[in-house]
1. Looking only at region 2-38, which residues are of a type in the set (A, V, I, L, M, F, W, C) and modelled with pLDDT of 90 or more?
2. Based on what the data block shows, is Val194 over 17 Å from Val271 (Cα atoms), touching a residue at least 12 places away in the same chain (Cβ under 8 Å) and more than 22 Å from the chain's Cα centre (by Cα)?
3. Of the residues Val258, Val239, Val277, only one is touching an Asp or Glu at 6+ places or on another chain (Cβ under 9 Å) and modelled with pLDDT of 85 or more; which?
4. Restricting to region 225-253, what's the tally of residues that are assigned to a strand (DSSP E or B) and over 23 Å from Arg269 (Cβ atoms)?
5. Every residue in region 114-134 that is surrounded by 14 or more Cβ atoms within 10 Å (Cβ to Cβ), among the charged types (D, E, K, R) and either touching a His at 6+ places or on another chain (Cβ under 9 Å) or farther than 21 Å from His90 by Cβ (or both), please.
6. Given Val213, Val272, which one is of a type outside the set (S, T, N, Q) and within 20 Å of the chain's Cα centre (by Cα)?
7. Is there a residue being β-branched (Val, Ile, Thr), part of a loop (DSSP other than H, G, I, E, B) and either closer than 13 Å to Gly64 by Cβ or under 19 Å from the mean Cα position of the chain (by Cα) (or both) anywhere in region 254-265?
8. Out of the residues in region 113-141 meeting the condition of being assigned to a loop (DSSP other than H, G, I, E, B) and more than 30 Å from Leu232 (Cα to Cα), tell me which one is modelled with the highest pLDDT.
Amino acid sequence: MTTDREFADRLPLDNTAVAGRLRRIADGLERPDGNPHRVRAYRTAADTVERLDRPVADVIGDGGRVGLEQLPGVGKRLSRVIEQLTLTGHSPTLEEQVGGPVATLSSVSGIGPGLAATLHDRLGLRSLEDLERAAHDGRLAAVPGFGAKRVRGVREALAGRFRRPTGGPTAEPPPIADVLAIDAAYRERAANGVLRQVAPRRFNPTAAAWLPVHKTRKGGRWFRAMFSNTPLAHRLGKVRDWVVVYFGRDGATGQCTVVTVKDGPLAGRRVVRGREVECARFYDAADGLFAAAA
């Protein structure tokens with residue numbers, strides 16, 4: 001069974017730990033009815049990560065999933081799994097291959113094997129995605145043993161696994177042009193010292209008010225932008241580069257992170273993580289209009 005204790009490594013995971021987890025996925029896939037091509041793909045990705053000459057976390061920090069996809073044998077699906085493993089220590093793909101439904105469900109903090117078996121038997125839950133849906137649609141709260149506090153804890157734990165915001169329905173992502181415009185405005189105003197600054201609780205032993213916050217509305221949505229104050233941003237020296245943009249409309253919320261790409265065709269550009277292809281199209285269109293105007 002995969003437990004939280006097994007994933008107690010210091011985050012972000014180093015290359016050896018990530019490679020080991022990829023090989024565990026491959027082991028879980030290696031069964032008579034399995035797909036040998038998927039097994040081989042995970043083993044190849046594990047070898048690639050293990051042989052990197054720099055931390056895989058740095059690859060993610062510099063180029064996000066696009067940076068990972070440039071590595072030999074790593075495609076879109078594997079880049080997502082590698083990012084989850086590196087930054088959180090977990091991956092739904094890993095937990096679903098290491099054990100059955102009960103092992104998968106009981107890997108979440110607050111759910112022991114007994115409760116996991118109950119969820120599997122009563123609600124038919126088999127995966128972490130099933131559990132997440134049940135935590136938000138009211139089914140989980142109806143199961144004996146799940147009070148409001150425990151349900152909230154499950155939501156937060158799953159949000160950490162999937163790296164999604166908590167607290168309600170997820171908003172439709174705003175247009176790339178809007179996010180990049182807000183990112184540019186935030187960084188300019190932060191540099192000019194005209195934004196209100198708050199004192200974050202984390203990584204701020206002197207309780208200094210240093211984190212600029214920018215609030216605005218655009219396209220019917222509210223936005224709030226601020227520099228990333230995460231452990232990974234501090235470790236990689238990206239606090240003043242990574243900008244987290246929160247947004248919402250009609251009660252639904254979401255967030256994204258804008259970073260500067262270091263390598264590849266988008267080097268030097270600001271891109272929204274997870275939406276690199278859309279950003280490339282946006283810049284291609286903008287460059288085309290600029291060339292036409294010239």
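The values are calculated or read from the model by the stated rules, or taken from the named source; none is laboratory data. The shown structure was predicted, so the numbers you read here are calculated from the model rather than taken from an experiment. Here Cβ is always computed from backbone atoms with ideal geometry, including for glycine, and neighbour counts include all displayed protein chains.
1. Hits for region 2-38 are Val18, Ala19, Leu22.
2. no
3. On the way: Val239 fails: touching an Asp or Glu at 6+ places or on another chain (Cβ under 9 Å); Val277 fails: touching an Asp or Glu at 6+ places or on another chain (Cβ under 9 Å).
From the options Val258, Val239, Val277, the qualifying one is Val258.
4. Residues flagged as assigned to a strand (DSSP E or B) and over 23 Å from Arg269 (Cβ atoms) within region 225-253 amount to 4.
5. If the condition is that a residue be surrounded by 14 or more Cβ atoms within 10 Å (Cβ to Cβ), among the charged types (D, E, K, R) and either touching a His at 6+ places or on another chain (Cβ under 9 Å) or farther than 21 Å from His90 by Cβ (or both), then Arg126 is the only one that fits.
6. Working: Val213 fails: within 20 Å of the chain's Cα centre (by Cα).
The match here is Val272.
7. At the first step, the residues of region 254-265 found to be β-branched (Val, Ile, Thr) are 257-261.
Among the residues that remain, those that are also part of a loop (DSSP other than H, G, I, E, B) are: 261.
Adding the requirement that they be either closer than 13 Å to Gly64 by Cβ or under 19 Å from the mean Cα position of the chain (by Cα) (or both) leaves 261.
Yes, because at least one residue in region 254-265 is β-branched (Val, Ile, Thr), part of a loop (DSSP other than H, G, I, E, B) and either closer than 13 Å to Gly64 by Cβ or under 19 Å from the mean Cα position of the chain (by Cα) (or both).
8. Filtering first and then ranking leaves Arg139.
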